[in-house]
Each structure stands twice: as C-alpha cells, then as structure tokens.
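Trainee: So that we are looking at the same thing, I have put the structure below in structure tokens.
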Amino acid sequence: MGSSSSPLGLPLNEIILEFLLHHLRFIPVCFILLPLSFIYDLVTRARNYVVHSVNSAPRAHDRKVAKIQAEVREWAAGDRKKKMCNARSGWNTMSFRYPLYKNTSTLISTNTLIDILEVDEEARTIRVEPMVSMGEITNYLLPRGFSLPIVPELDDLTVGGMINGCGVESSGRKYGLFQHICVSYEIVTADGSLVVAKKGTEDAESQGLFYGIPWSHGTLGFLVAATIRIIPCKPFVKLTYMPVGGFKDMTAKLQSESTVAENEFVEGIQFSQEMGVVMKGRFSDGPPKNREINEIGKWHKPWFYTHVEGIGNKNEEVTEYIPLREYYHRHSKSIFWELEEIIPFGNNVLFRWFYGWLCPPKISFLKYTTFGAVRRIYERRHVLQDMLIPLTDLEKGLQVFHEKTNIYPVWLCPFNLPTCPGFVKQKTGRNVLYVDVGVYGVCKKDDYDPRKTTRELEEFVRSVEGVQMLYADTYMTREEFYQMFDSSLYEWLRVKLNAKDAFPDVYDKVKKEARF
C-alpha cells in the first residue's frame, strides 16, 4: 500500500519525519552540541596558552610547511590524475554545503596550520597560519593593546577563509575588505615551492600573486601563513544607534555616516520595509562617570540584534559604551539571527540565564549534525547570501531582496573598495563605497524556488557591477560567473604557476553542483 503524497511531491511520512527532525533539533543542540562546543573551546584555549607560553609555534610551523611541501612534491612526481585540495573536513568549513570535490581529490595536510606565529609591534604586523580564527586573534591581541583593523564578527571565521574567500566588517568603510589589510602571503605552489607574495614589491610576479590570491579559494596554491596589519586600539567602543525609516532613509544614512572620518565602525540592520537602525562607533577609553557599560557579550544579555531592534522600535537615538571584544563578536552569540531558527526560545530570559553561558554552538558541529532530512528543508527554504553592491544601488537592492525573499533582518555593512588588480575589481579608477547585503533566514514566500530566486538575485547583482560571496550557493553559469568576476590576473597566474593541472578552477569549486 503506497503512502500518500504532500503538496511538495514528497511522501507524507518523509514530510512528517523532516518536520520532527527540524523542529526538535533544539534537543540535541542544547544537550549535546552546546556542551561539546564549550568543552572544545576550553581545550583550544588551554592548548593555545601552552603554545604561546613556550613559543613553540614558529619551530613547529617550519616542520608543518616542510610536510606540506613533501606531499605536494609526491603528488607532482606521481600520475597527477587527481587534483589537490586541503584536507580540512567538509563539515569543518564555514559554507553551509559539503564540498563534493574533496571526494575525488588528493588531500594535502594543511589542516594543522592553526597557530599564531609572531607579533611585531614596531612594524605593527601579526603573522599567522591560515586556520587561526578571529576569536583566537582578538583574545591574543586585545590584551596587548592592538587589534586587526578588520575583525569579521563570528569567532570561528578563519584567516584562510577571509583571504582565500572574503571578509567584511563594520570598519570596512575605512579599511576595505580583509584582503586589504594583508601585507604578505606565503603559499606552497604546485611544484612544492614556498613562495612569498608581498604588497608593494618590485617583483611583478610576486605583486601579481599578492593581488591574485584573495577570492581564489585555494586554486593557486596552499596558503601556509599570512602577515597582516595591526593597529593600536582602546578597550571600548562608543556606539551610537540611529533609527531610520525605509530603504531610502537607510541608504542615505549609511552614505552620510560612511564618509565621516571619525567613525571607526558603521553598519546597519534593516528590520522591515519601514524600520532600520544605523550604528556608528568609535574607539573609547571608557564611559564618563555617569554612564554605564553595556557588556553585550555576557551570557545573560539579550541577543545583540534584538537589542538593536528594541532601540529601533522606540525610535530614539541611543549611545552606549561596549567592551571592544564584545563589540567585535556582537553577532557571534546568536550567529547573527540564525540561532533562533534552531533554538526558538534561545533569547528567552530564563534560557539565557541558565544556558546562555554555553552559547553559541560551534557552526562546524551544527553542520556535522545537519542530516539529510534537515538539509532538504534548508535546501527548499533557507537563504544564506551575502551580495556586495555599490552603496548607491542599495535602495534598489533592498527592494529586490524584499520582493524575492521578504526575509528580515537584513545586515548592511558598508566598505571601501579600492582600485587594484584581482578577482574583484571595480573599474572607476577611484575608491568606491560598496555595501554587503547579508540575507540569512527562512523564505516563506509561496513562489520561492532556490535556483530561480538565487539566479534572479545574481542577475541583479551583475547588473550593478556587484559580486556574490562564494561561500553561498551559486547558480550562475561559467559565462555569467566570469561576467561578475575579473579572471584576467587569475588566469595568468594559473598558467604561470602551473596550477591548472594541480588545482580545480574557482568556478568548479564553488558552483552549486560541486556542493551538497
């Protein structure tokens, strides 16, 4: 006897199973993943403390790089039938999808590159391995009075991901993207050579490689270390929340605040067609005696975006003083607003007080336990996209996202995109303000189709000379992809470094068919 079918075309028993797995997912997350995440972080911190105390990372780094070189040379001496990629587990990447290409590739042991190597306070640089996370860097630098100029807000984001992919943050209006604060990259190429690509060098190949690595997703070589700028910082951020109205008001306010030299940080959150909040921040030594500190990172505090929404609903400008590290990682505790989908009661005051100290769960653990049935639900309804468009096109962009997805909140992060060679290159000959439009959540529109809708969004982004962050689902054809991105330098480097036989093309790594 056959089972009845649902309007989705799936057997009713499968729909019921998916519903239960999805809506009861909070049980394993709360009782298994949260404690495991907390223990994992404790162990990692203890391990890092020992490594930093005995200063063993630089010596170990040389051994790790030599092992990677040996593995690459072994591949080069073999039949070369398989292309190479890093050995990082698919569930341990920040993309929601699992990379299928790893199943048919030669895996190279870059997943041991997890250490901070050195800080040069005089030169104001930090040298790190690519698997070092933003949370580890802020823990290390802030007590020393320094910070990265750009700190992407989720703790688990890694340096390698921000370089080989993309990193943006609210200080981007001043410093650009994460790649623009980097000084040099060290990579192992297809023949096992260790090459240093530096900014400002007279060596054309080194300079070209420096600009070619960002957004290349490991298809030019294996990143083994990066040297990044650091800046002096203060212990607090003076943050001002400024409620605005609709899309036109949001665009105008972001444009005006992004041009104020004194603003170190600028971001916006659009909560509906009618209401949003723009935030501007500056480094501060602390509040005056009659003002309090808002420690937004405390376990019992409301999720940051709900705090911002409350201010927006009151329609009153508010200024607060927030500890710097808590500001940097303000969206970590609730993974922007994604955790509400997994733990609907996660912002409840009782949950925060009694369980909030375990949050957030590790994103990699969540991904590892996203089973097929749950993944199918995400496939059908969940949107996870960051589109980078000129700030002058934001009003139109917000309207397009509203019509196609109707998902709120929407994260808005302006950044300066300088004129320089590379995969992402704007052609005006001057620095231009762009904005990251971050849309994360469940689409409830009846006519939503993941492929059709995403392609429509991609078409709009191409039409305004914007780009799509490539961790997300990409449905473009190869021709459309290379209309969006400039492959001229990239293709030259692929030939120069003999990378075509060694590594897949970027498109072949990020297209939807390469992930499940």
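Trainee: Charges at C-beta only: +1 for Lys and Arg, -1 for Asp and Glu. How large is the resulting dipole of the range 217-364 about its Cα centre, in Debye rounded to 20?
Mentor: Numbers: 17 positive and 17 negative charges, 96 e Å.
In debye, rounded to 20, the range 217-364 gives about 460.
Trainee: If you place +1 on the Cβ of every Lys and Arg and -1 on the Cβ of every Asp and Glu, how big does the dipole about the Cα centre of the range 58-117 come out, in debye to the nearest 20?
Mentor: On the way: 12 positive and 5 negative charges, 30 e Å.
With Lys and Arg at +1 and Asp and Glu at -1, about 140 debye.
Trainee: Which far-off residues, 5 or more places away or on another chain, put their amide H under 5 Å from the one on Thr474, with H placed in the peptide plane?
Mentor: For Thr474, whose amide H was placed from the backbone, the distant partners under 5 Å are Lys512.
Trainee: Further, regarding this structure: Would you mind classifying the range 333-453 by shape? Square roots of the alpha carbon gyration tensor eigenvalues, ordered a ≥ b ≥ c; an a/c under 1.5 is rounded, otherwise it is prolate if a/b is larger than b/c and oblate if not.
Mentor: Verdict is prolate for the range 333-453.
Trainee: Mind listing the Cα extents of the range 123-168 along all three principal axes, in Å, largest one first?
Mentor: 28, 22, 17
Trainee: Related question: Starting at 0 and stepping by 10 Å, how many percent of the alpha carbon pairs of the range 284-354 end up in each bin?
Mentor: Percent of pairs per bin, in order: 18, 47, 30, 5, 0.
Trainee: Can you bin every Cα-Cα distance in the range 218-341 into 5 Å intervals starting at zero and give me the percent of pairs per bin, rounded to whole numbers?
Mentor: Bin by bin from 0 Å, the calculated values are 2, 10, 17, 20, 19, 13, 9, 6, 3, 1, 0.
Trainee: What chymotrypsin sites (Phe, Trp or Tyr not before Pro) does the range 49-92 have in DSSP loop regions with at most 13 other beta carbons within 10 Å? Could the numbers behind the result be given before it?
Mentor: Values: sites: Tyr49, Trp75, Trp91; in loops: none.
Nothing satisfies the criteria.
Trainee: Out of the range 316-355, which GluC sites (Glu not before Pro) are coil in DSSP terms and have no more than 10 other C-beta atoms within 10 Å? Before the final figure, lay out each step's value.
Mentor: On the way: sites: Glu316, Glu317, Glu320, Glu326, Glu338, Glu340, Glu341; in loops: Glu316, Glu317, Glu338.
Qualifying residues, ordered by number: Glu316.
Trainee: Under 1.5 on a/c is rounded, so check that first for the range 23-135, then, if it is not, pick prolate when a/b is larger than b/c and oblate when it is not; a ≥ b ≥ c are the square roots of the alpha carbon gyration tensor eigenvalues. Please report the intermediate quantities before stating the final value.
Mentor: Working: a/c = 2.40, a/b = 1.07, b/c = 2.24.
Judged from the Cα gyration tensor, the range 23-135 comes out oblate (a/c at least 1.5, b/c at or above a/b).
Trainee: Would you kindly give the portion of the calculated P(r) for the chain that falls above 39 Å, as a percent of all Cα pairs? Mind showing how you got there, number by number?
Mentor: Details: 30087 of 132870 pairs.
Here the long-distance tail beyond 39 Å is 23 percent of all Cα pairs in the chain.
Trainee: Can you find, among Ala87, Tyr98, Val72, the residue farthest towards the positive end of the dipole of the range 50-109? Put +1 on the C-beta of Lys and Arg, -1 on that of Asp and Glu.
Mentor: The one lying farthest along the dipole's positive direction is Tyr98.
Trainee: Report, in debye and to the nearest 20, how large the dipole of the chain comes out about its Cα centre when Lys and Arg carry +1 and Asp and Glu carry -1 on their Cβ. Don't skip to the answer; put the middle values down first.
Mentor: On the way: 63 positive and 62 negative charges, 167 e Å.
The calculated dipole for the chain is roughly 800 debye.
Trainee: How big is the gap, in Å, between the Cα center of the range 140-210 and the Cα center of the range 288-313?
Mentor: The two parts, judged by their Cα centres, are 31 Å apart.
Trainee: Quick one: Debye curve from the alpha-carbon atoms of the range 153-312 only, equal weights, vacuum; give me log10 I(q)/I(0) at q = 0.09, 0.14, 0.15 Å⁻¹ to two decimals.
Mentor: Debye intensities relative to I(0), on a log10 scale: -0.43, -0.87, -0.94.
Trainee: Looking at Pro243, Tyr305, Thr189, which one has the Cα that reaches farthest to the positive end of the dipole of the range 169-305 (charges on Cβ: Lys, Arg +1; Asp, Glu -1)?
Mentor: Of the candidates, Pro243 comes out farthest on the positive side.
Trainee: Would you mind checking Lys452/Lys511; Lys367/Lys496; Lys199/Lys396; Lys81/Lys367; Lys280/Lys511; Lys445/Lys512 for any pair whose Cα atoms are more than 25 angstrom apart? Don't jump to the answer; show the numbers that get you there.
Mentor: Numbers: Lys452/Lys511 15 Å; Lys367/Lys496 37 Å; Lys199/Lys396 36 Å; Lys81/Lys367 30 Å; Lys280/Lys511 36 Å; Lys445/Lys512 22 Å.
Those over the limit are Lys367/Lys496; Lys199/Lys396; Lys81/Lys367; Lys280/Lys511.
Trainee: Still on this model: Could you tell me the calculated FRET efficiency between Leu194 and Asp447, based on Cβ-Cβ distance and R0 = 51 angstrom, to the nearest 0.05? Please list the in-between numbers first.
Mentor: Working: r = 52 Å, r/R0 = 1.03.
Calculated value: 0.45.
Trainee: Let me check the size of the range 24-65 from its C-alpha atoms; what are the radius of gyration and Dmax in Å?
Mentor: When restricted to the Cα atoms of the range 24-65, Rg and Dmax are 15.9, 47 Å.
Trainee: Ok, one more. Enumerate the amide H contacts of Ser147 below 5 Å, restricted to partners 5 or more residues apart or on another chain; note that Pro and chain-start residues carry no placed amide H.
Mentor: Ile231, Cys233
Trainee: Checking the cross-link filter: which lysines have an alpha carbon closer than 16 Å to that of Lys509, excluding same-chain neighbours under 8 positions apart?
Mentor: Candidates past the 8-residue exclusion: Lys82, Lys83, Lys102, Lys500.
Trainee: Between Leu394, Phe415, Thr405, whose Cα lies farthest towards the positive end of the dipole of the range 375-416 when Lys and Arg beta carbons carry +1 and Asp and Glu beta carbons carry -1, centred on the Cα centre?
Mentor: Thr405
Trainee: Shifting gears a bit: How long are the semi-axes of the equivalent ellipsoid of the range 393-443, defined as square roots of 5 times the Cα gyration tensor eigenvalues? Whole Å, largest first. Each step should come with its number before you reach the end.
Mentor: Working: eigenvalues 141, 23, 18 Å².
They are 27, 11, 9 Å, listed from largest to smallest.
Trainee: Tell me whether the range 336-396 comes out rounded, prolate or oblate; compute the Cα gyration tensor, take square roots of the eigenvalues as a ≥ b ≥ c, and use a/c under 1.5 as the rounded threshold.
Mentor: Details: a/c = 2.50, a/b = 1.42, b/c = 1.76.
Oblate, since a/c reaches 1.5 and b/c is not below a/b.
Trainee: Just to be sure I follow the definition: excluding the sites themselves, where is the longest run in the chain that has none of the trypsin sites (Lys or Arg not before Pro) in a DSSP loop with at most 11 other Cβ atoms within 10 Å? Intermediate values should be presented prior to the final figure.
Mentor: Working: sites that count: Lys81, Lys289, Lys427, Arg430, Lys444.
The reported range is 82-288.
Bear in mind these aren't lab numbers, they're just calculated from the coordinates by the rules spelled out. Quick caveat, the model's predicted, so the values are computed rather than measured. Heads up, the Cβs are rebuilt from the backbone with ideal geometry, glycines too, and the neighbour counts pull from every protein chain shown.
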